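The values are calculated or read from the model by the stated rules, or taken from the named source; none is laboratory data. Quick caveat: nothing in here was measured; it's all calculated off a predicted structure. Here the Cβ is made from the backbone with ideal geometry for all residues, glycine too, and neighbour counts use every protein chain on show.
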Amino acid sequence: MSAYRLLVVDDFDLVRDVICAMLRAEDDFDVVGQATGGSEAIDLAAKFQPDVVLLDLAMPEMDGLEALPKITEAAPATRVVVLSGFGTDQAVAAAMASGATAFLHKAADLYDNLVPTLRRVLDQPDADAAQQESA
């Protein structure tokens, strides 16, 4: 089985580095790219067609909510998991309404939640029929 291809999008280097290290420790994940903002994420999603984009919401140049539908347009089979420090009901609802497959709060224990959530998202038969979830 080939590894699942992931794109990690966050404007903070340390957050990206930690997430990428966690994913690289798993045999079935391959981080194919990293982006610091929405425009770069759209370009890389179009180029790499990843299985999943991990997308931060709060970014200075183009936020995740603005980038999310453009990412899914550029890479229609890609699933988007929003990873944000804003875990309010409004943020979750806005992300899900914009096409996110799942939402994870950064303050949640990523070591316990990130990898299992990604596996649940990837095990869904297809992105259009996927039941959207919030972990």
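Things worth noting here:
- Taking first residues from the range 82-104 that are more than 22 Å from residue 116 (Cα to Cα) and partners that are of a type in the set (A, V, I, L, M, F, W, C) and surrounded by 22 or more Cβ atoms within 10 Å (Cβ to Cβ), the Cβ contacts under 6 Å between residues at least 6 apart in sequence or on separate chains come to 98/68.
- Scanning the range 59-116 for residues that are within 20 Å of residue 48 (Cβ to Cβ) and modelled with pLDDT under 90 turns up just one, 61.
- Taking the conditions (1) in a helix (DSSP H, G or I); (2) over 14 Å from the mean Cα position of the chain (by Cα) in turn, residue 113 satisfies each one other than (2).
- For beta carbons closer than 9 Å, sequence separation of 6+ or different chains, a first residue in the range 116-135 that is over 13 Å from residue 103 (Cβ atoms) and a second that is of a type in the set (A, V, I, L, M, F, W, C) and modelled with pLDDT under 50, the qualifying pairs are 116/135; 124/130.
- Qualifying residue in the range 77-85 (condition: buried (at least 23 other Cβ atoms within 10 Å of the Cβ), part of a loop (DSSP other than H, G, I, E, B) and aliphatic (A, V, I, L, M)): no
- Note on the range 4-51: among residues that are in a helix (DSSP H, G or I) and in contact with a Gly (Cβ under 7 Å, 6 or more places away or on another chain), the one that is surrounded by the fewest Cβ atoms within 10 Å (Cβ to Cβ) is 48.
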